[in-house]
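J.: Here it is: the structure, laid out below.
The values are calculated or read from the model by the stated rules, or taken from the named source; none is laboratory data. This one's a predicted model, so the numbers in the text were calculated from it and none came from an experiment. Ideal geometry is used to build each Cβ from the backbone, glycine not excepted, and the neighbour counts take in all protein chains shown.
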Amino acid sequence: MKCVVVRWGDAYRLSRQMALNVKKAGYKPDLVVAISRGGLVPARILCDVLGIMDLVSVKVEHWYVTGEHTERAVIKYPLNADLTGKKVLVVDDITDTGSSLTETVKHVSTLNPLSVKTATMQHLIQSSFKPDFTGEVVKDWAWFIYPWNFYEDLSNLTLRLLRNHPELKGDPEELSAWFRRYYGIRVSRKRLREAASMLCERGLTKWEGKALVLA
């Protein structure tokens, strides 16, 4: 599975560009709805760039683990607000399957807004949903590892390697090599140790000497 690590500077640049594209189009939202969790940071940056004070969120569950998702996104914690007469902008980090945005727009539309538009930091052209605004169009699919889900993704990707490759010893140096080979990214041994500790705390793995193994 091809992965791409997005640094904080790049995430800010893309979020800012997303906001500027909204401004350029002349759309002036009264309120921004962030899709939690991925859309929270991009939405806050957009609000800062555009000077928008009202920011709320809706919790959507779709990607239950790195690179794996349910067939359809589900609204776990819906909005409890009257959006009557308001121009709304729904924000997420990326359009992948498009299901999260599709379900969120349906939900927001039931709250009587004047209009609903969508914006994402990145847009995968393979997605079934095309946002009204985006910071960047991505042609080739990859799993983007953002700063706000860095350790979560590292942990899940490590677990995937251990489950799919029993021959893997699991020491940080070997894990680093396997990350380059299977995911195409360079991750330091220090970061992998930290991710491994998270897995151990969750009871999913354990240390046997210097090797990380499934619990």
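J.: Considering only the stretch 125-146, state which residues are among the hydrophobic types (A, V, I, L, M, F, W, C) and assigned to a strand (DSSP E or B).
T.: Across the stretch 125-146, the qualifying residues are PHE133, VAL137, VAL138, TRP143, PHE144, ILE145.
J.: Residues being among the charged types (D, E, K, R) and under 18 Å from TRP143 (Cβ atoms): count how many of those fall in the stretch 173-213.
T.: 4
J.: Here's something else I'd like to know. When you go through PRO147, PRO166, PRO172 one by one, which is the residue that is in contact (Cβ under 8 Å) with a residue 12 or more places away in the chain and over 20 Å from the mean Cα position of the chain (by Cα)?
T.: From the options PRO147, PRO166, PRO172, the qualifying one is PRO172.
J.: Just name the residue that is modelled with the highest pLDDT out of those in the stretch 156-178 that are in contact with a helix residue (DSSP H, G or I) (Cβ under 7 Å, 6 or more places away or on another chain) and not in a helix (DSSP H, G or I).
T.: LEU168
J.: Please find, among VAL138, VAL116, VAL108, VAL91, the residue that is modelled with pLDDT of 95 or more, crowded, with 20+ Cβ neighbours inside 10 Å and out of contact with any helix residue (DSSP H, G or I) (no Cβ under 6 Å at 6 or more places or on another chain).
T.: Result: VAL108 is the single residue among VAL138, VAL116, VAL108, VAL91 that is modelled with pLDDT of 95 or more, crowded, with 20+ Cβ neighbours inside 10 Å and out of contact with any helix residue (DSSP H, G or I) (no Cβ under 6 Å at 6 or more places or on another chain).
J.: All but one of (1) modelled with pLDDT of 90 or more; (2) farther than 30 Å from MET121 by Cα; (3) surrounded by fewer than 18 Cβ atoms within 10 Å (Cβ to Cβ); (4) not β-branched (Val, Ile, Thr) hold for ARG186, so report the exception by its number.
T.: Here ARG186 meets the rest and fails (2).
J.: Which of the residues spanning the stretch 109-119 are among the polar types (S, T, N, Q) and not in a loop (DSSP other than H, G, I, E, B)?
T.: SER109, SER115, THR118
J.: Within 24 Å of TRP148 (Cα to Cα), modelled with pLDDT under 95, in the same structural domain as GLY39 (by TED's automatic domain parsing) and not in a helix (DSSP H, G or I), is that true of GLN122?
T.: So GLN122 does not fit the description; no.
J.: Now for a different question. Which of the numbered conditions does ILE52 fail, given that it passes all the others? Conditions: (1) at pLDDT below 95; (2) β-branched (Val, Ile, Thr); (3) part of a loop (DSSP other than H, G, I, E, B).
T.: ILE52 satisfies every listed condition except (1).
J.: Same structure, new question: Tell me which residues, restricted to the stretch 190-215, are more than 22 Å from the chain's Cα centre (by Cα) and either in contact (Cβ under 8 Å) with a residue 60 or more places away in the chain or assigned to a helix (DSSP H, G or I) (or both).
T.: LYS190, ARG193, SER197, CYS200, GLU201
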